[in-house]
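Single-structure report; data block below.
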Amino acid sequence: MNKDLELLKEKVKPYLDDVRQKMEPLGQELHAGAQERLQQLRERLAPLGEQVRDRARTHVEMLRQVLEPYSDKVRQRLAERLQALRDRGGVGLSELRDKAGARLRELREQAQPVLEDLRSGLLPLWESLKVGFLLGIDQLSEEPTGQ
């Protein structure tokens, strides 16, 4: 049986080699075409990505500016409470922890509308990026590869 298998291998090997030689250039062409399309897609989407990034940075900076007074107040209050705690020698630590938790909840409640505004501003940008990406993929899939 091994002899039959070896004989079969010897007879089939030239055909397999021939098919491999013919298919290898086709595979290389397909790979090169895919790489080219991917590069075109990157070039088309780069400006959109940069625009989304810039707008997100603008929104984040606005959020920082809006929240800065609140965070300064919280830092100041916590520093005062910490100093008072040090002055009292640790008495009322749980009371201080409760008050700090309440202050943080207040900050969260005050920041919530700003965060919602930021979210509502970024959602259209996200949708625009998604649509642009899908259109770019559709356009690339419709273009002939030049083969």
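Of note:
- Among residues of the stretch 58-74 that are within 14 Å of L115 (Cβ to Cβ), those with a Cβ under 9 angstrom from a residue that is loosely packed, with under 14 Cβ neighbours inside 10 Å and among the acidic types (D, E), sequence gap 6+ or separate chain, pair up as Y70/E106.
- So R57, is it surrounded by fewer than 11 Cβ atoms within 10 Å (Cβ to Cβ) and part of a helix (DSSP H, G or I): yes
- Conditions (1) of a type outside the set (S, T, Y); (2) under 30 Å from Q28 (Cβ atoms); (3) surrounded by 11 or more Cβ atoms within 10 Å (Cβ to Cβ): number failed by A46: (3)
- Cross-chain or 6+ apart pairs with Cβ under 7 Å, the stretch 106-124 first and more than 13 Å from H59 (Cα to Cα) and basic (K, R), then modelled with pLDDT under 85 and in a helix (DSSP H, G or I): none
- Residue count, the stretch 110-138 (criterion: more than 23 Å from the chain's Cα centre (by Cα) and more than 30 Å from V74 (Cα to Cα)): 0
- Filtered by the rule that a residue be acidic (D, E) and at pLDDT 85 or above, the stretch 60-80 gives E61, E68, E80.
- First in the stretch 27-41 and touching a residue at least 40 places away in the same chain (Cβ under 8 Å), second anywhere and surrounded by 13 or more Cβ atoms within 10 Å (Cβ to Cβ) and among the polar types (S, T, N, Q), Cβ under 7 Å, 6 or more apart: none
The values are calculated or read from the model by the stated rules, or taken from the named source; none is laboratory data. All figures in this text were calculated on a predicted structure; none of them were measured in a lab. Heads up, the Cβs are rebuilt from the backbone with ideal geometry, glycines too, and the neighbour counts pull from every protein chain shown.
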